[in-house]
Structures are given as C-alpha cells and as structure tokens.
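The structure appears below as structure tokens.
Computed from the coordinates by the stated procedures, all read-outs in this text should not be read as laboratory data. Everything quoted here is computed from the prediction, not taken from an experiment. For neighbour counting, all protein chains shown are included, and Cβ atoms are generated from backbone atoms with ideal geometry for every residue, glycine included.
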2 protein chains.
Amino acid sequence: MAGKVIPATERGWQGVEIEGYRPGSPDVGVERHTIVGGRKGAPGEPGPGMELRYFELQPGAASRYEKHEHEHYVIVKRGLGHAVVGEQVTEIGPNDVIYVGPLTTHQFLNRGDEPFGFYCFVDACRDFSQQPTEEDLARLAASPAAAIAKPFAVPPPTRR
Amino acid sequence: MAGKVIPATERGWQGVEIEGYRPGSPDVGVERHTIVGGRKGAPGEPGPGMELRYFELQPGAASRYEKHEHEHYVIVKRGLGHAVVGEQVTEIGPNDVIYVGPLTTHQFLNRGDEPFGFYCFVDACRDFSQQPTEEDLARLAASPAAAIAKPFAVPPPTRR
C-alpha cells in the first residue's frame, strides 16, 4: 500500500469500526479502534509492519493486566489514567508517553470521570498476551501498584 | 528496559531534548523530539525495537520530501498541515492519522498560522532516506500535489 490518510471524526476515525476490547469478550467498558494495520502471522505477509490502535476506557474501566514479548508504545490522547508498568504506578494524562518493554506486566486504568483514551503501537507480527503468573501477582501485591491495579478486571481472552 | 513513563511538559517531554530536524542541517523551522528509542544498526541491538518521534513545524515549514523502505505512522497532535503521500495531497489536522508505505514519496507541510506538530513512529532498524528521482519529480509535477509540495524545501542530509 502506497499510503493513506485516515481522517479523525467526532467519535473515532473515518472508516474505522468501533469494536469492543476483544471479539467474543464480555463488555468491559473498553472501545478498540484499529486505525492502521492488523495482526500478521509472519513478517513477510502483506500489509503494514506495525499496527496502530486506539483504546478508550470508560470511568472505572481498565485494560487487561497482562504481559507479552512484544513492546507497547502508548500516547495518551484524552482523559486521566494510571499506568501500571511492572511494580510502578504513575498518574498519566494527555500527551504523556509510556513505553512497556518485553514481558513486563502492565495495565492502564481510567482514574477520571471522563473517558480515558490512548493510542497504542505494536508490531503487526507479535506474540499473544500471557496471564500473570502467581509470582507476578505476589510481586504486584507487595508493591505500591497494588493499591491501583485490578489484575482480574478483564478476563483472559476466550479465543484468539 | 522494563518500561518507563515520559511525562508531557509545556514544550515537549520530560528529559527529551528539543533538537533541530537533523544534526548538522541548517535551521529549517522544524523541531525534533525523540521520545522513545533511537536508530539501531541491527534488530538484535539493545533498546526498543521502534522509535517514537515528535516533529513540530513552524508556519511555512515542511519536512523533507523523500522516500525510504521503512514505513511511517503519523498522528497529528496540533495545528493544520498538508500531507503529500505519493501524488495525493490531503489537508490534515488534529488526530488525523497518516500511513506512508515503503518507497512512497512524502512530505508534511504546515498550512496554518500556528505550529503544526505530529508524532511519527518508525522501526528502530531502518534504511536511510532517499532523494526523489527525476522520475519521482516529474510525476509530482504532473499531479495535484505539485501546487502544495516543496520538494527542495529541506536539503538532503549532510551526514548520517
């Protein structure tokens, strides 16, 4: 593909469907907008090499507490949130950037009264999310992030 | 690296130096903020696999008219611009997203009276920019983008 412009609209982006957090999952108050690209099985497959998504969390909602090999590059677009990255928790807001390295447990939570939305860049060819281990959960419980994180807010994916 | 939060400041991001468009280049009215990552020679080198930059163009300023194998994923943060992608030109503004595919000539230009700023996401391990060929310039000249593009606004890089 030579390239394309995807204009912003009032609620998202032109031609981009607003989906739930994950197909087949229960409603957890999270919207997903896949703006560019999509998951690939191998780097040689056609299509963009990376994927740009936008997630919007309703007040009280959270992303899945998880980890994986692939990296996240997050830019906050609107609202107020918490970023749990490893055992650190940080208040985040518009234009803050968050890098999540390989196999680092992480979660994004809305801490405001308005929707909290962020862009998230990932490799198109990436591994699937892993549930935290008992060790991960014990480390979380012993850390300052324990007061904020909701490790069971979003159930594991039911299908891939 | 497990991960990090890079908080936004009034003029950029905490701990991120505001640079010119390219080291050793003349001032072309373009700021560069390298928020996460940096260029790598090989995928196995340490550091993030991708690089997130923010460019801010003063009124009248433009990015280099160029092409390369690596893809661009652009999100407009502020201001009004034009995106020249191949022979297409599009008016762009806040939250619009632009994908530039491999070897597609492209340029971003400020079309407003305020700074025009955009995030640009690239692979850390990527090829260098190529000057447009005579054929590229002839195609541009014969297209609607000719009225907008400034193919010689930014000189080729002087060092890499």
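Under the condition of being in contact (Cβ under 8 Å) with a residue 60 or more places away in the chain, out of contact with any His (no Cβ under 6 Å at 6 or more places or on another chain) and part of a loop (DSSP other than H, G, I, E, B), the residues counted in the stretch B:135-149 number 1. Selection of the stretch A:90-116 for residues being in a strand (DSSP E or B) and surrounded by 20 or more Cβ atoms within 10 Å (Cβ to Cβ) yields A:ILE92, A:VAL97, A:ILE98, A:TYR99, A:VAL100, A:HIS106, A:GLN107, A:PHE108, A:LEU109, A:ASN110, A:PHE116. Scanning the stretch A:125-154 for residues that are under 23 Å from B:ALA124 (Cβ atoms) and surrounded by 20 or more Cβ atoms within 10 Å (Cβ to Cβ) yields no hits at all. Would you mind stating whether A:PRO132 is within 11 Å of chain B (Cβ to nearest Cβ), in a loop (DSSP other than H, G, I, E, B) and not hydroxyl-bearing (Ser, Thr, Tyr)? Taking the combined requirement at face value, the residue does not satisfy it. Output the number of residues of the stretch B:42-78 satisfying the condition of being small (Gly, Ala, Ser) and closer than 30 Å to B:ALA138 by Cα. So the answer is 4. Of the residues making up the stretch A:89-125, not one is closer than 18 Å to B:MET1 by Cα and of a type in the set (Lys, Arg).
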